[in-house]
Amino acid sequence: MNSQLIPVSELASAAGCPVRVFFNRSNPWVEPSSYTICKQISYHLGSRIERDEIWQEICRVAPGIDPSYKSYYDTCIDHCCNKEWRAASEYDLFVTSDRFGICGTVDRIYTEAPYFSVTRSVKPPVQGIYPGDRIRVLGYALCLSELLGMELRGASIDYIPGGISRYYEIQPRDMRKFYSIRKVLANIYAGSVPKKPLHAPCGTCYYQGRCDPGPTRLSDLF
Ligand code: SF4
C-alpha cells in the first residue's frame with residue numbers, strides 16, 4: 001500500500017469527477033460560508049438549539065462572514081428544529097485505515113449504532129443519498145471498523161439545509177467504486193492528468209468553464 005494516505009473527502013470528490021480533484025490539489029480549499037454554518041449547527045443537534053447563540057458562534061468562527069448568510073442560517077435552523085436528532089458522544093474524530101490507505105475526519109460519533117454520521121451542507125436528494133456520500137460512508141466505515149475492531153455496515157448523512165438525516169447501508173457496488181477511484185487518485189498523485197468522465201457534474205461545478213468541453217491533456221486544463 002502507498003504510504004501516502006488518501007483523504008476520504010478526495011475519494012468522494014473523485015467519485016463525481018477526478019478532474020475536480022486534480023484542480024483542487026493546486027487550489028487551496030477555502031471553507032464556504034454554507035459549510036461553516038452547517039458545521040456549527042451540527043455541534044448542537046441533539047441538544048437544545050439556541051438560535052442567537054449559534055449565530056454568534058458562527059460569527060466568531062468566521063468573522064468576515066457576509067451578513068446576508070443569516071437568512072440561509074435561519075432556514076437551516078428552521079428545518080433542523082423540526083426534527084429529532086441523536087446527541088453525539090464525540091466530534092471531528094480523525095481516523096485512518098492502514099489496510100486501505102485512507103484517512104479522514106468523522107463529523108459525529110455515537111455510542112450506539114449507527115455509530116457515526118457525516119455532516120453535509122447541501123440539500124438532500126429526492127431519495128437516498130448522493131454518490132459521493134456513499135463513498136464517504138464507506139471510507140469512514142472502513143477507518144472506524146479498524147479503530148473499533150468491528151465491522152460497520154452503514155451510517156447516517158445529516159443534510160443540514162434540509163433538516164434531514166438519512167441512514168445508508170453500504171452496498172457491494174460501493175466497494176467496487178472505492179477500488180476504481182483509489183486507483184485513479186493514485187495515478188493523479190503520481191502525476192497523471194485524469195480524464196473527464198462522461199457524466200461529469202459540470203453544471204454544479206466550481207471549475208465550470210475551466211475545462212470544458214473535456215480535458216484529455218494537460219494543455220487542455222490551463
Ligand atoms: S467542470 Fe466538469 S469536468 Fe471540469 S472539473 Fe468540474 S465536473 Fe469535472
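Every read-out reported here was derived from the displayed coordinates using simple, explicitly stated rules and does not represent laboratory data. Model, not experiment: these values are computed from the prediction. Backbone-built Cβ (ideal geometry, glycine too); neighbour counts: all protein chains shown.
Neighbours of N187, meaning other residues whose beta-carbon lies under 14 angstrom from its beta-carbon, give a summed charge of +3 when Lys and Arg score +1 and Asp and Glu score -1.
The length gained on full extension between V193 and I164, counted as 0.36 nm times the residue separation minus their Cα-Cα distance, comes to 6.7 nm.
Across the range 141-156, rounded Karplus estimates of 3J(HN,Hα) from the backbone phi angles (6.51 cos²θ - 1.76 cosθ + 1.60, θ = phi - 60°) give 5, 4, 5, 5, 4, 5, 5, 8, x, 8, 7, 9, 9, x, 6, 9 Hz, Gly and Pro being marked x. Extension gain, V30 to T204, is 60.9 nm, computed as 0.36 nm per intervening residue step minus the present C-alpha separation. With the gyration tensor restricted to C-alpha atoms of the chain, the semi-axes of the equivalent ellipsoid amount to 30, 23, 15 Å, longest first. Ranked for footprinting exposure by Cβ neighbours inside 10 Å, fewest first, C205, C143, C80, C211 give C205, C211, C80, C143. Taking every DSSP bridge with both residues inside the range 6-190, close to 70 percent are antiparallel. Residue exposure proxy: R166, R176, ordered by other Cβ atoms within 10 angstrom of their Cβ from fewest to most, comes out as R176, R166.
Over the range 1-77, what is the relative contact order in whole percent, taking alpha-carbon pairs under 8 Å and six or more residues apart? In percent, rounded to a whole number, it is 29.
Database remark: amide H of S192 closer than 5 angstrom to no amide H (H placed geometrically; neighbours at sequence offset of 5 or more, or on other chains; Pro and chain starts carry no H).
When each of K183, K177 is scored by the number of other beta-carbon atoms lying within 10 Å, the sequence from fewest to most is K183, K177. Taking only the C-alpha atoms of the range 115-184, the Rg (one decimal) and the largest Cα-Cα distance, Dmax (whole number), read 12.2, 35 Å. Using the rule -39500 (n - 2.57) for each DSSP H run of four or more residues, divided by the residues of the chain, the 222 nm mean residue ellipticity is -12500 deg cm²/dmol. In percent, rounded to a whole number, the relative contact order of the chain is 25, using alpha-carbon pairs under 8 Å and six or more apart.
Each label was represented as a point 7 Å from its Cα along the Cα-to-Cβ direction; for R173 and R86 these points are 2.5 nm apart.
Among K39/K183; K83/K196; K83/K183, which pairs are too far apart, with a Cα-Cα distance over 32 Å? Over 32 Å apart, Cα to Cα: K83/K196; K83/K183.
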